[in-house]
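The values are calculated or read from the model by the stated rules, or taken from the named source; none is laboratory data. Quick caveat: nothing in here was measured; it's all calculated off a predicted structure. Don't worry about glycine lacking a Cβ; one is built from the backbone with ideal geometry, like all the others, and counts go over all protein chains shown.
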């Protein structure tokens, strides 16, 4: 059985992951509207990843005899600015999620909940990958400096993500 405090924080994390999916979907919608289909495709895949993360936690709560409590998902921003600004916002959100995962690990340790700590290790590793992926795109966008030819090439590259 899950500790009540851990269950509460895991439920909050389900909401954080769903909100991340919502943000990425909103970014994808903006890129679609700007005819940046490759950027939009990248965001759509990211949306799916975040939904999978939420489901992993949802399933874990149930496996441990807890109760999933779904909450309202906040409305995402309507405009994310330039592609660079959008990816900077994505990185900022991923860093927030990393902080929340780290807090969960600390909480599991505090309650000697080794199963939850073990479960969360996957998320710790995943966040390193998430931040690195977004940082790499930010680096490319900074090199491009808004040049339309560079955006065009990066759009094609991002569209090849599987």
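Take residue 81 and decide whether it is closer than 15 Å to residue 12 by Cα, without any contact (Cβ under 8 Å) to a residue 40 or more places away in the chain and either out of contact with any helix residue (DSSP H, G or I) (no Cβ under 6 Å at 6 or more places or on another chain) or assigned to a helix (DSSP H, G or I) (or both). Reasoning before the result, please.
On the way: closer than 15 Å to residue 12 by Cα: no; without any contact (Cβ under 8 Å) to a residue 40 or more places away in the chain: yes; either out of contact with any helix residue (DSSP H, G or I) (no Cβ under 6 Å at 6 or more places or on another chain) or assigned to a helix (DSSP H, G or I) (or both): yes.
When the stated conditions are applied, residue 81 does not pass them.
For residue 143, which of the numbered conditions (1) over 20 Å from residue 43 (Cα atoms); (2) surrounded by 12 or more Cβ atoms within 10 Å (Cβ to Cβ) fails to hold?
That leaves (2) as the condition not met.
Can you tell me which residues in the range 105-129 are touching a residue at least 40 places away in the same chain (Cβ under 8 Å), buried (at least 16 other Cβ atoms within 10 Å of the Cβ) and assigned to a helix (DSSP H, G or I)?
Taking the range 105-129 as the starting set, the residues that turn out to be touching a residue at least 40 places away in the same chain (Cβ under 8 Å) are 107-108, 111, 113, 115-116, 119, 122-123, 126.
If we keep only those that are buried (at least 16 other Cβ atoms within 10 Å of the Cβ) too, we end up with 107-108, 113, 116, 119, 123, 126.
Result: 107, 108, 116, 119, 123, 126.
Answer yes if at least one residue in the range 78-91 is surrounded by 13 or more Cβ atoms within 10 Å (Cβ to Cβ) and farther than 23 Å from residue 139 by Cβ, and no otherwise.
no
Do we have any residue at all in the range 65-73 that's more than 20 Å from residue 22 (Cβ to Cβ), modelled with pLDDT of 95 or more and either touching a helix residue (DSSP H, G or I) at 6+ places or on another chain (Cβ under 8 Å) or not in a loop (DSSP other than H, G, I, E, B) (or both)? Steps first, answer last, please.
In the first step, residues of the range 65-73 are kept if they are more than 20 Å from residue 22 (Cβ to Cβ); the result is 65-67.
Filter again for modelled with pLDDT of 95 or more, leaving 65-67.
Restricting the remaining residues to those that are either touching a helix residue (DSSP H, G or I) at 6+ places or on another chain (Cβ under 8 Å) or not in a loop (DSSP other than H, G, I, E, B) (or both) gives 66-67.
Taking every residue of the range 65-73 in turn, at least one turns out to be more than 20 Å from residue 22 (Cβ to Cβ), modelled with pLDDT of 95 or more and either touching a helix residue (DSSP H, G or I) at 6+ places or on another chain (Cβ under 8 Å) or not in a loop (DSSP other than H, G, I, E, B) (or both).
Can you tell me which residue is surrounded by the fewest Cβ atoms within 10 Å (Cβ to Cβ) among those in the range 24-45 that are in contact with a helix residue (DSSP H, G or I) (Cβ under 6 Å, 6 or more places away or on another chain), touching a residue at least 40 places away in the same chain (Cβ under 8 Å) and closer than 18 Å to residue 74 by Cα?
Restricting to residues being in contact with a helix residue (DSSP H, G or I) (Cβ under 6 Å, 6 or more places away or on another chain), touching a residue at least 40 places away in the same chain (Cβ under 8 Å) and closer than 18 Å to residue 74 by Cα, the top hit is 25.
Tell me yes or no: at least one residue of the range 4-15 is more than 25 Å from residue 120 (Cα to Cα), more than 13 Å from the chain's Cα centre (by Cα) and in a helix (DSSP H, G or I).
Within the range 4-15, the first condition is being more than 25 Å from residue 120 (Cα to Cα), and the residues that meet it are none.
No - not one qualifying residue is present in the range 4-15.
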